[in-house]
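Only one structure is covered here, and it is reproduced in the block below.
The values are calculated or read from the model by the stated rules, or taken from the named source; none is laboratory data. Quick caveat, the model's predicted, so the values are computed rather than measured. Ideal geometry is used to build each Cβ from the backbone, glycine not excepted, and the neighbour counts take in all protein chains shown. Surface accessibility is based on the protein's heavy atoms, side chains included, excluding ligands, DNA and RNA. Shrake-Rupley method; radii C 1.70, N 1.55, O 1.52, S 1.80 Å.
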Amino acid sequence: VDTWATAVARYGKLSFSAVLEPAIRLAQDGFPVYERLRESLISSFDKFNELYPTTAELYYPGGQVPDVGEIWRNPDFAGVLKMMCKAEDGAAGKSRISGIEAARDAFYKGPIAERIVEFITSNPVEDASGSAHTGLISYEDMSQWHATVEEPLTYDYKGLTVHKCPSWTQGPVFLQQLAILKDFDLTMMGHNSIEYLHTYIESAKLAFADREAYYGDPVFDQVPFEVLLSEGYNRNRRTLIGDKASMNMRAGDAGNGVPAYAALNVADDNRQALGITARPVNDLGLGHAHVGDTTHLDAIDIEGNMVAATPSGGWIGTSPVIKGLGFPIGTRAQMFYLNPQRPNALAGHKRPRATLTPSLVTEDGAPHMVFGTPGGDMQDQVTLQFFLNYVDFGMNIQEALDAPTVFSVHFPSSFYPREAYPGHMAADARIPSEVIEGLKERGHIVDNTEEWSGGKPMGIRLHRDKGVIAGGVAPKGNIGYALGW
């Protein structure tokens, strides 16, 4: 809430109430249930009724899964939003900024925060460990928290500057892959050729190995990006890409040796030091490996204001709805490590290294493009392929989004229990069979997913010279739209 309040206060023109009005209308008056929502509610029916009764009460009116086209409402959530609007109205006569601050305080310093804390500290919930626990957050945690405005990490690629969130997200792997790939002639290799996809997957393995070795909340963990994004470091990393698929985790030496927990073979029996597990190659089920409710949105206006946001964390599937409020709280703390010697280790007031990773691009300092996708660990892999499709292979926005993708699952998952699949990559079934066979000959273990699988990338480009905004969404998986007005 404070993130959006900060954005509206700093960069917007409207009141918080004006911004919330459409959301209030949707929550109060409802919207028609769509097919994928109904499918999700059917698959979660037993879980919600047995483990999350407050969720079942909200999503199964009359105890039944709502039909497609049936209007579904969330009046409790509408009430939360109205409470913030009322607080803003109560600050009448003050500035727009003061009103927005009053609205955010209504969420963090009043009955809403009290209800959140009371619910999660008195209702044990079964988590991924199979045991039930109460939450750890306190009212003081809520009332003292404020969003921060941070400088992004950036990397220049072929005249464009890519901006990513710092290392409390996985976003910098996008930049590290660009730094590794920069001196390869990708266009000459050919789009989705054996050589290109092999090179791409091997660069991903190297970047994600560094993610495991170094990434954490930069307020707590010192992440050496002055080295990780440097030309010399990536020149050496580039030489590690050979003709065959690597089966090892190969983090780089950023100046103090390779951390012990990052230098192990992910297939090694001693991999407990990595805090990961590895499953047999015939037990992947990759078509269903990334199940969740991550969402992404992008927006550009003709003045050049750009927004890229991946506002995930509600996790309706893993956290019960708080009775009276109409929403669950996030479960991103599962991404912390419990090894205190490594980055991304659990600590109070620390942000877990999340997979969420929106992207923003400028050209000569001017607004150019925003993009992103849902998809857990595959997010930066899918969006990087979109970006390279657009920049290196000359595709238009929709072509670049529609093209079939691959992604590596070689490294530890960000999600508990952090399973790794050494040497494995997933490939959209639209990729030609001769390319798949060529990748297998190079040692990759290729798991075919369904056609039109692999995230839900979307992107918008501002053509300043033409005064035109162009955007698109890949027709993959969940609901997604490109809208212009």
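Full extension of the chain between Phe45 and Ser98 yields a length gain of 14.7 nm, computed as 0.36 nm times the residue separation minus the alpha carbon distance. The relative contact order of the range 65-221, computed from alpha carbon pairs under 8 Å that lie at least 6 residues apart in sequence, is 13 percent.
In this label model, Phe220 and Ala147 are separated by 2.2 nm, measuring between points 7 Å along each Cα→Cβ vector.
Of the residues Ile42, Thr6, Gln334, the one whose Cα sits farthest towards the positive end of the charge dipole of the chain is Thr6 (charges of +1 on Lys and Arg Cβ, -1 on Asp and Glu Cβ, taken about the Cα centre). Applying 0.36 nm per residue to the separation of Asn478 and Ile71 and subtracting their alpha-carbon distance, the gain on full extension is 144.6 nm.
Surface exposure of the chain, expressed per residue as accessible area with a 1.4 Å probe, stands at 46 Å². Our helix-only sum for the chain, with -39,500 (n - 2.57) per DSSP H run of n ≥ 4 divided by its residues, gives a mean residue ellipticity at 222 nm of -10000 deg cm²/dmol. Our coupling estimate for the range 334-350, obtained by passing each phi through the Karplus curve with A = 6.51, B = -1.76, C = 1.60 and θ = phi - 60°, is 4, 7, 5, 8, 9, 7, x, 7, 10, x, 6, 7, 4, 7, x, 6, 9 Hz, Gly and Pro reported as x. Taking the chain as the reference, fit the longest principal axis to its C-alpha atoms, fit the long axis of helix 379-391 to the helix C-alpha atoms, and give the angle between the two in degrees, 0 to 90, nearest 10. With both axes taken from Cα atoms, the answer is about 70 degrees. Here semi-axes √(5λ) of the Cα gyration tensor in Å was computed from the coordinates, and among [x] 33, 27, 22; [y] 36, 27, 24; [z] 36, 31, 20 the match is [y].
If R0 is 56 Å, the Cβ-Cβ spacing of Val258 and Asp89 corresponds to a FRET efficiency of close to 0.45. With 0.36 nm allotted per residue and the present C-alpha distance subtracted, the Ala7-Asp301 stretch has 104.3 nm of extension available. Exposed loop sites are taken as GluC sites (Glu not before Pro) in a DSSP loop (any state but H, G, I, E or B) with at most 14 other beta carbon atoms within 10 Å; the longest stretch of the chain without one runs 151-302. Shown are Phe371, Phe107, whose ranking by accessible area with a 1.4 Å probe and every protein chain present, most to least, is Phe107, Phe371. Model label sites at Ser433 and Phe31, defined 7 Å from Cα along the beta-carbon direction, differ in position by 4.1 nm.
Each Cα pair of the range 134-201 feeds into the Kirkwood radius, which the Stokes-Einstein equation turns, at 20 °C and 1.002 mPa s, into a diffusion coefficient of 140 µm²/s.
For the chain, relative contact order (Cα pairs under 8 Å, six or more residues apart, normalised by length) works out to 14 percent. Annotation for the range 450-485: trypsin sites (Lys or Arg not before Pro) lying in DSSP loop with at most 16 further Cβ atoms inside 10 Å of their Cβ are Arg464, Lys466. Identify the trypsin sites (Lys or Arg not before Pro) of the range 158-227 meeting these criteria: DSSP loop state and at most 12 other C-beta atoms within 10 Å of the C-beta. Here the trypsin sites (Lys or Arg not before Pro) that fit, given the DSSP loop and packing criteria, are Lys158.
Amide hydrogen proximity for Tyr337: with H placed 1.01 Å from N in the peptide plane, the residues at 5 or more positions away or on another chain lying under 5 Å are Ala345, Leu346. Along the range 407-422 the Karplus relation, 6.51 cos²θ - 1.76 cosθ + 1.60 evaluated at θ = phi - 60°, assigns HN-Hα couplings of 7, 8, 10, 5, 9, x, 5, 6, 9, 4, x, 6, 5, 10, 10, x Hz to successive residues, with x for each Gly and Pro. Extending 7 Å from Cα along the Cβ direction at Ser131 and again at Ala347 yields two label points whose distance is 2.5 nm. The alpha-carbon positions of the range 19-152 define a convex hull whose volume is 173 Å³ per residue.
Ranking Cys85, Cys165 by solvent-accessible area of protein heavy atoms (1.4 Å probe, all protein chains present), from largest to smallest, gives Cys165, Cys85.
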